[in-house]
Amino acid sequence: MKLARFGCFLFLFAWVLSAPSPAQVQTPGNIPITGKAAPGFEEFERAVVEVIQRDHIPGAAIAFVKDGRLVYARGFGWANEEARQPIEPTSVFRLASVSKSFTGIGILKLIQDKQLCMEQKVFARPNTPAKAAESVPCSQPILHIDPIRCAGCQLDERIYDITVQDLMQMSGGWIENDRAVNACGVMTHGSGDWATPQRTQRALHMRSVPTRVQVIQFGISHRLDFTPGTCYSYSNFGFNILGQIIEQITGQPYQDWMMANILQPMGANHAHVLLYSKLLPNEVHYYRILPDGQNAVCCLDTLRPEVGPAGGWTASIIDLAHVQASLRNGVPDPNPLQPQTMNLMVSRPANPHFAGKFAYWTDGWDTVWCPPESGGPNGCTMQNASWTKGGDFGIGTITTYSSHSNGVGYVLLFNSHTATNMPDINRKIIEPMIRNRTDWPTWDLFPDYQ
């Protein structure tokens, strides 16, 4: 009996030494680190803290997923510098364009459930009889939103050729950034980002904040920059339209349907569309880093209503780790996308801009990587693809999450934006570790964060 008890003691002692332990440590630079310490990550954490100190970054949160397990989740620095409140693994950040990956998954789910088709036309011509959402076949256009008359408006008949696939693959016809002009063979400046409510409000002299439908009406009342489906140019506007499609098809508010059918089934229970001028519970403060190294609170007065589908979601590293684990491994909750839909998610876009390439933008992801040996006319499959999505609001936040074919995924969220914080931590510290590390922890922290 004594030997058995002694054996149990040794087992428990060994388990305590090997398991992650709660920690809120203070580094020499007075930067707190929260979350459970993971042996073997000390050098990694020293490198992260060095960048945070050097660039006066208020804070960051980092998570790693390996084969569907949450193996690392820690906060660095301050969620609220003035109140000396540290960032926790559960702290909420504004995700900016990471939101597009959520919307892309939602559209793919509707396609999987045969409520929508990739080749389906988006806009109905004026005076086209509307049908109930559940009875709209793929041969019928989805949205009955008519262009409007306004100063500078000019109807472009090509808007009636835009398909769901064009919007999902950033080939709807709008150029928001002049850097894409030459690539698309356009000789003039791009039309810019029609998704901004401020632009609609100013142009139409509106006193109230425009709705998403009004913003779409204004945007489609102008000429396209290129023929839909022929080129690629990053587009917030296109993903706001996709959000409206979700509402039209489901008959539910965008956020409600997304939470019930996409994010909660994946385990991302604390994701939310942001409140713009008000912080959500447990949301970090955002900072502008000034030339003298001091930080100023910023970015809560940004007028961005109704942009949830393109850039309005908030979430923690735990929520995004759940999304990665669900997509790649189907855990801890089943993946709402079936294998054939996942293969559609990573397939090469149809537009000629990415013809023959093994890295491309598609279906809500900034980049899908396919190894050249994968072959096939549409690129690779989910098993051998890697994908990533990033986002930023220019000064207040910059975010990214990525899943690699070796079973490792990561999440990296900042509550400030500098020219160096993302490349120095992401590309110089995280990416090399993902390529070279073989001794990932064997535990799973997901049960610790319900």
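The values are calculated or read from the model by the stated rules, or taken from the named source; none is laboratory data. What you see is a predicted model; the values in this text were computed from it and never measured. Cβ coordinates were reconstructed from backbone atoms using ideal geometry, including for glycine residues, and neighbour counts include every protein chain displayed.
Residues that are within 20 Å of Asn406 (Cα to Cα) and either modelled with pLDDT under 85 or of a type in the set (A, V, I, L, M, F, W, C) (or both) are absent from region 297-310.
Among all positions in region 82-95, there is no residue which is under 21 Å from Thr400 (Cα atoms), touching an Asp or Glu at 6+ places or on another chain (Cβ under 6 Å), modelled with pLDDT under 95 and not in a loop (DSSP other than H, G, I, E, B). Residues that are among the charged types (D, E, K, R), farther than 25 Å from His205 by Cα and at pLDDT below 90 within region 111-165 comprise Lys131, Glu134, listed in sequence order. Within region 208-245, the residues that satisfy the criterion of being outside any helix (DSSP H, G or I), more than 17 Å from Ala350 (Cα to Cα) and not small (Gly, Ala, Ser) are Val209, Pro210, Thr211, Ile220, His222, Arg223, Leu224, Asp225. In the set Asn351, Asn415, only one residue is of a type outside the set (Ser, Thr, Tyr) and closer than 26 Å to Ile107 by Cβ; that residue is Asn351. Screening region 341-413 for strands (runs of 3 or more DSSP E) wholly inside it with 2 or more residues that are in contact with a helix residue (DSSP H, G or I) (Cβ under 6 Å, 6 or more places away or on another chain) returns the ranges 386-392, 398-403.
For (1) closer than 30 Å to Thr196 by Cα; (2) buried (at least 23 other Cβ atoms within 10 Å of the Cβ); (3) in contact with an Asp or Glu (Cβ under 9 Å, 6 or more places away or on another chain), each residue gets a yes or a no:
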site: Thr367; (1), (2), (3): yes, no, no
site: Trp387; (1), (2), (3): yes, yes, yes
site: Asp392; (1), (2), (3): yes, no, no
site: Asp424; (1), (2), (3): no, no, yes
site: Pro432; (1), (2), (3): no, no, no
site: Trp440; (1), (2), (3): no, no, yes
site: Gln450; (1), (2), (3): no, no, no
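Among the residues making up region 315-354, those that are of a type in the set (Ser, Thr, Tyr) and surrounded by 24 or more Cβ atoms within 10 Å (Cβ to Cβ) are Ser316, Ser326. Exactly one residue among Ala19, Ala23 is at pLDDT below 95, surrounded by 11 or more Cβ atoms within 10 Å (Cβ to Cβ), in contact with a strand residue (DSSP E or B) (Cβ under 7 Å, 6 or more places away or on another chain) and farther than 22 Å from Ala419 by Cβ, and that residue is Ala23. If the condition is being surrounded by fewer than 19 Cβ atoms within 10 Å (Cβ to Cβ) and out of contact with any helix residue (DSSP H, G or I) (no Cβ under 8 Å at 6 or more places or on another chain), then region 266-286 contributes Leu275, Tyr276, Ser277, Lys278, Leu279, Leu280, Pro281, Asn282.
Report the residue count in region 434-450 for those that are of a type in the set (A, V, I, L, M, F, W, C), touching a helix residue (DSSP H, G or I) at 6+ places or on another chain (Cβ under 9 Å) and either assigned to a loop (DSSP other than H, G, I, E, B) or modelled with pLDDT under 90 (or both). Here the count works out to 2. Taken together, the residues in region 83-94 that are in contact with a strand residue (DSSP E or B) (Cβ under 8 Å, 6 or more places away or on another chain) and free of Cβ contacts under 8 Å to residues at least 12 places away in the same chain amount to 2.
Screening Ala79 with (1) closer than 18 Å to Ala271 by Cα; (2) of a type outside the set (Ser, Thr, Tyr); (3) at pLDDT below 95 gives one miss only, at (3).
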